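Input: a single structure, listed below in structure tokens.
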Amino acid sequence: MEKLRADDRPGLMEVFLAEYGLSSKEGVALMCLAEALLRVPDQKTIDALIEDKIAPSAWGSHLGKSSSSLVNASTCALLLTGKVLDEGGEGISLVLHRAVKRLGEPVIRLAVQRAMRELGHQFVLGRTIGEARARGKSARGRGCTFSYDMLGEAALTAGEARGYFDAYSSAIAGIADGLASDNPRENPGLSVKLSALHPRFEVSQRHRVMDELVGSCLALARQAKKAGIGFTIDAEEADRLELSLDVIAAVLRDPDLAGWAGFGVVVQAYSRRAGPVLDWLCALAGELDRKINVRLVKGAYWDSEIKRAQVEGLQDFPVFTTKAATDVAFICCAKKLFGFSDRIFPQFATHNAHTMAAVLELAPDKDSFEFQRLQGMGEALHALVGQKFATRCRIYAPVGAHRDLLAYLVRRLLENGANSSFVNLIVNTDVPARDVAADPFEKVLTAGPVPASAIVLPARLFGQRRENSRGRDLNDPIELEAIEAARAPFRKRTWLGQPLLVDPYGQTEKHTVFNPADPGDRVGEVIFAGPADVRGAIGNGQIWKLPPQER
């Protein structure tokens, strides 16, 4: 392997994850600490959570094992935190315990907060676009470019959606300052979450989404085109895929975007619909005579997709259930994308050596695609590939305040921190190269079915005790059509609801009832039971007017 420059060596985040895998007790405690430091507003609760989650952990077993002095310093701080709150220290630990205990929990809390801020800086390029561009100057000097993303999750109110829109609009203006090329594929770009632009981004509100969100998204796309930068629609959860594609199609059809090569879409390879989505995007681009960009990623919501399917009792999972299957899907999708090169420019976001090697093998030339990586992750691998093969690299760089970091940080740690993750293995010298870059096709062929104890189908969630109740996927258009077809015979029928007493006490007033979800839909009428009905039923021992088998 070629010798790496100092800037190309594994970054702090990779070294940290190599030391603290999320499968360890300390890794779990670290996540709890992140929750406390980045979300909990008051010091008393932060102190309590640190004491509860950090003190019992064996941080001392990691002391001195990492080659990074900053990681070792963080380990020492965590060790001190644990020993201050754990009276069982011995030897040098007891000496440190006695020395630091005098400082108290507030001092420890501030020290660990600083360590977490350092951790956050590895993933977030800056608090503003201006700061992010300044920090990214050295990467640009090495030939990298950026796709900026404004930190934050889905909007819950119309006010939040307006705030995200304004942030995206300001970001476009900031990115556009001083561009070096007229080609948007060579310039930095912006990634946009549709769920951040509308508070009700869900299938049940499709008409409202198409009326309101399409206009907001189109306004940003037009601004990006005028600025000469890229504009990419980020991927979301599986239950929003169909609606996302509807919005994408509506925006892309706008004649103002004709001739623009900066519009992009993110596709998640762990989705079992990834291949058909790529076919659909190519067909849409062909229909409109457009060229678009597709960023192929592995996927970031795997855990929640699995659990949602089980909780809702769906028939199957919307995503592949093994990492190897996702890796295989990524390579298959890459091959498909190169077949669509007349309409689609592929962008491959990965930190996996085998995946990058497969892309290089499939690519007709180095100019027909670009690699992408996360800010703070995969620097060494991408630098090595870039030096050897002269490939282009774009860095996905979040921008925002630390108060917005939690959800993104947790997702990145979960995504990259497991012991099976490539970014964890690449810096572990005890793992052979053949295992780091293992063939996922071979894994899929030899692994066999997933053990029932690991991931079970939603129907088998409760094992042999009972079958899980079957749910309806109310975000699936096919399922919704089936429900509508079943309702059709009753659409014009009206209903009468009245007390089920053998001898009602003269209540005859009828009240019209309308569908609360559709005020124009008259469901029927209802006669309410009055106090006399209740008193009479109790006093006279009346029975309900039900069939015997239902009494």
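The values are calculated or read from the model by the stated rules, or taken from the named source; none is laboratory data. What you are looking at is a predicted structure, and each value in this text was computed from that prediction instead of being measured. Note: ideal-geometry Cβ built from the backbone for every residue, glycine included; neighbour counts use all protein chains shown. For the accessible areas, the whole protein counts, side chains as well, though only heavy atoms, and no ligand, DNA or RNA atoms are used. Shrake-Rupley method; radii C 1.70, N 1.55, O 1.52, S 1.80 Å.
If you look at the Cα atoms of the stretch 356-400, you get an Rg and a Dmax of 11.2, 38 Å. A 1.4 Å probe run over the protein chains yields, for the stretch 238-357, 35 Å² of accessible area per residue, whole-number rounding.
Relative contact order of the stretch 264-347, taken over Cα pairs closer than 8 Å and 6 or more residues apart, is 43 percent. Around the amide H of PHE345, modelled in the peptide plane, lie the amide H atoms of ILE292, ASN293, VAL294, all under 5 Å away and 5 or more residues distant in sequence or on another chain. For VAL319, the amide hydrogen comes within under 5 Å of the amide hydrogens of ARG272, counting only partners 5 or more places away or on other chains and with H modelled in the peptide plane. Ranked by the mean number of other Cβ atoms within 10 Å per residue, highest first, peptides 183-193, 359-369 order as 183-193, 359-369. Pairs exceeding 25 Å between alpha-carbon atoms, taken from LYS193/LYS298; LYS225/LYS291; LYS225/LYS336: LYS225/LYS336. According to the Cα-based calculation, Rg over Rh for the stretch 111-260 is 1.00, with Rh computed by the Kirkwood formula. In whole Hz, with x marking every Gly and Pro, tabulate ³J(HN,Hα) for the stretch 151-167 from phi via Karplus 6.51 cos²θ - 1.76 cosθ + 1.60, θ = phi - 60°. Working through the residues one at a time gives 4, x, 9, 5, 6, 9, 9, 4, x, 5, 4, 5, x, 5, 4, 4, 5 Hz.
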